[in-house]
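Throughout, read-outs are computed from the coordinates displayed, never taken from laboratory work. Note that the structure is a prediction, hence the values are computed from the model and not measured. Virtual Cβ from ideal backbone geometry, glycine too; neighbours counted across all protein chains shown.
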Ligand code: ADP
Ligand code: MG
């Protein structure tokens, strides 16, 4: 590593460099932390008669002959043996030169799994090479590297071998710290993992429990923590408007509500209120299960900004949800004298001009969809940007909203709970507030799983349900491949249900309706003029109709867990007993079965998210996060939770007491990607 922090380059041909770059290997440092997936033990020869046992082994045999057979399919069959016994090597694809190498009398070392076939011991497609009579054995395990087409493990092996001798393996943890953490030195750990000596217990290596692995995994999560922590601290250097309430607007809102805050809501508001009064921008995530009451908290935060003389923006991902927020907040705040503006894609030109003018002038709260971040939308004094269902927006969109002001405070809200380990790692640069309490009077939701051949029973159940004065949702299957097909299905379902339930008023809402048509249907449902609302997933987020207490979801197996949880959360909002019927089509795959089991057994969104994380890995959770936040390659969020917790503490210490080493550590692990994080 040179003094300016740049990484030592890899010495290789242009063509090879290109291939390396494709898998993210740009520098010598990248090579050094490109670790083997597994190892093969070629330091030993196993006699053929002792080669059974499921583990791949190396044998050394003399070829007795080979022939190409055509039945049952084309294959090359090689007969060979050593002093202890005979074996067949079988290849279903092969080159003529391989056939030549495997000719009678050749001495061959073959590596693979030995099976007892019909004709005795055999190896299928072993890796092999011809050796001389007295060829020595390797003295190290053979590392197998993650590779791609066009880049073999053995090419990587050579390059990495070179990097191990010429590269920079110096430690970035000060000795004292390293001893305190009981971690081995980096140089030793990397050398060991790339070149484990003979006799190493491969199980502890493959299970990644070995101290050398602990060290590498720790360094990886430390790099992540350092970069997130640094981004967090950098934000504090920026100035932001100090939003201190100048009047009692918030108190008056509270007085006017028909309910008091839950303890959790009050705590959340206290935290947010304190943040807003700081001279640097808040970046806080407000998490709360579906129905936890995040909107009121957001409204109170907006009140504080408004009362301090600034504007608040409130952005939601769908037209339906944004409009619902608009109507509710207007209803709450206009009587208190707050000027509320509304921006959505569906506004007519004239109305849009008026709302834009208000936003640029004296509107105090501006609510809307993505329309808020379009060019041409100017805020007079944006002090607080609120984003509902933040996981539905990309980074760029959240950034665009922030850019509408001069470092406004940010409040992000989500009902998709981030499991603890994720919050500790990928979201470490955010402050998180959790609403861990639902408002009183919620009724538990009964979940039923029903096979689709009992659809008629479900339809009958709806009839009874409506007779009792309640309303129901019927959510149509998700058809990801085709929007047209999705619409068709919704239309068909609507007609079928209308025919099956002639006495009921059935409505239909889907993503293709014009905004005002959508609004009209939703308003009719909210007013009780529709009994059964057939919907595509447009109702997924935020819709609030307390009298609807039955949710039917068709082809539930096609939905993601958080989606099912969100949909289910549309009911259970009034005083009536609620249920959710998940109709599934069999036969179910293993993952689908597990997913339905999780949603059936759990009502707590956090627990569902945790199990989902285990099932799917973090990729989908962090998908819409900053692309510069590196996915962990070696550490596992669940298994290595203690390492993550440890790295969190150490990051703080490194950044204050060992700045240069911290910088070097980031360079080694993130290299060019670190730039992305800073931008
Ligand atoms: P979410 O967190 O899913 O966005 P909402 O903010 O939409 O939840 O709140 C769900 C429902 O609960 C709304 O009808 C809201 O008015 C109501 N609510 C919110 N807070 C309370 C409370 N403290 N007591 C009673 N009802 C509440
Ligand atoms: Mg909400």
(message) Rounding to the nearest 10 and keeping the result within 0 to 90°, find how far the Cα-based axis of helix 641-657 lies from the longest principal axis of the chain.
(response) 80 degrees
(message) Within a 10 angstrom radius of the beta carbon, how do 193, 327 rank from fewest other beta carbons to most?
(response) 327, 193
(request) Sticking with the crude label model, points 7 Å out along Cα→Cβ, report the distance from residue 100 to residue 69 in nm, one decimal please. (result) 2.6 nm
(message) Using Cβ contacts closer than 10 Å as the measure, can you line up 179, 26, 391 from fewest to most?
(response) 179, 26, 391
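Please list 401-410, 307-316, 249-258, 519-528 highest first by mean number of surrounding beta-carbon atoms within 10 Å per residue. Walk me through the numbers on the way to the answer.
Working: 401-410: 20.8, 307-316: 24.1, 249-258: 14.5, 519-528: 17.2.
Highest mean packing first, the order is 307-316, 401-410, 519-528, 249-258.
With a ≥ b ≥ c taken as the square roots of the eigenvalues of the C-alpha gyration tensor of the range 379-425, please select rounded if a/c is under 1.5 and otherwise prolate if a/b is larger than b/c or oblate if it is not? Walk me through the numbers on the way to the answer.
Numbers: a/c = 2.47, a/b = 2.30, b/c = 1.07.
Cα axes put the range 379-425 in the prolate bin.
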(message) What's the whole-number percent of alpha carbon pairs in the range 206-314 lying beyond 23 angstrom?
(response) 47 percent
(message) Using a 7 Å offset from Cα along Cα-Cβ at residue 86, what residues in the range 126-145 end up with backbone N under 20 Å from the label point?
(response) 126
(message) Let me understand the range 249-435 better: what is its radius of gyration from the alpha carbons, and its Dmax, in angstrom?
(response) 15.4, 49
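Test of understanding: express the Cα radius of gyration of the range 445-602 as a ratio to 2.2 N^0.38 Å, with N the residue count. Can you show the working numbers first?
Working: Rg = 14.5 Å, N = 158, 2.2 N^0.38 = 15.1 Å.
It is 0.97.
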(request) Please give the FRET efficiency for residue 456 paired with residue 601, using the beta carbon to beta carbon distance and R0 = 30 Å, rounded to the nearest 0.05. (result) 0.70
(request) Could you calculate the FRET efficiency of residue 660 with residue 17 from 1/(1 + (r/R0)^6), where r is the beta carbon distance between them and R0 is 25 Å, rounded to 0.05? (result) 0.30
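Compute the semi-axes of the equivalent ellipsoid of the range 375-465, taking the square root of 5 times each eigenvalue of the Cα gyration tensor, and list them largest first in whole Å.
The equivalent ellipsoid of the range 375-465 has semi-axes of 40, 19, 15 Å.
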(request) Using only the alpha carbon atoms of the range 159-215, find the Kirkwood hydrodynamic radius as the inverse mean reciprocal pair distance, in angstroms to one decimal. (result) 12.3 Å
(request) Based on the mean of other Cβ atoms within 10 Å per residue, sort peptides 548-561, 93-106, 635-648 so the most packed one is first. (result) 548-561, 635-648, 93-106
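Order 290-297, 66-73, 54-61, 355-362 from most to least packed using the mean count of other Cβ atoms within 10 Å. If you can, show how the numbers build up before the last one.
Numbers: 290-297: 22.2, 66-73: 10.0, 54-61: 19.1, 355-362: 16.6.
Averaged packing, sorted descending, gives the order 290-297, 54-61, 355-362, 66-73.
Which of rounded, prolate or oblate describes the range 250-322 when judged by the alpha-carbon gyration tensor and an a/c cut-off of 1.5? Walk me through the numbers before you get to the answer.
Working: a/c = 1.31, a/b = 1.12, b/c = 1.17.
Taking the square roots of the gyration eigenvalues as a ≥ b ≥ c, the range 250-322 is rounded.
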(message) If R₀ is 22 angstrom, what is the calculated FRET efficiency for the pair residue 378 and residue 517, using the beta carbon separation as r and rounding to 0.05?
(response) 0.15
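Hey, what D do you get for the range 44-137 in µm²/s if you plug the Kirkwood alpha-carbon radius into Stokes-Einstein at 4 °C and 1.567 mPa s?
Using the Kirkwood radius from Cα pairs, D works out to 98 µm²/s.
Does the range 197-261 classify as rounded, prolate or oblate by the C-alpha gyration tensor (a ≥ b ≥ c root eigenvalues; a/c under 1.5 gives rounded; else a/b over b/c gives prolate, otherwise oblate)?
On the way: a/c = 11.22, a/b = 2.67, b/c = 4.20.
Because a/c hits 1.5 or more and a/b fails to exceed b/c, the range 197-261 counts as oblate.
Mind checking the alpha-carbon convex hull of the chain and giving the volume per residue in Å³? It would help to have the intermediate numbers written out before the result.
Values: hull volume 141.0 nm³, N = 679.
With only Cα atoms used, the chain gives 208 Å³ per residue.
Using Cα pairs closer than 8 Å and at least 6 residues apart in sequence, work out the relative contact order for the chain, in percent. Intermediate values should be presented prior to the final figure.
Details: 1180 pairs, mean separation 86.3, N = 679.
Averaging sequence separation for qualifying contacts and normalising by length gives 13 percent for the chain.
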(request) Round to the nearest 10 and give me the degree value, 0 to 90, for the angle of helix 211-237's Cα axis relative to the longest principal axis of the chain. (result) 30 degrees
(request) Round to the nearest 10 and give me the degree value, 0 to 90, for the angle of helix 319-333's Cα axis relative to the longest principal axis of the chain. (result) 40 degrees
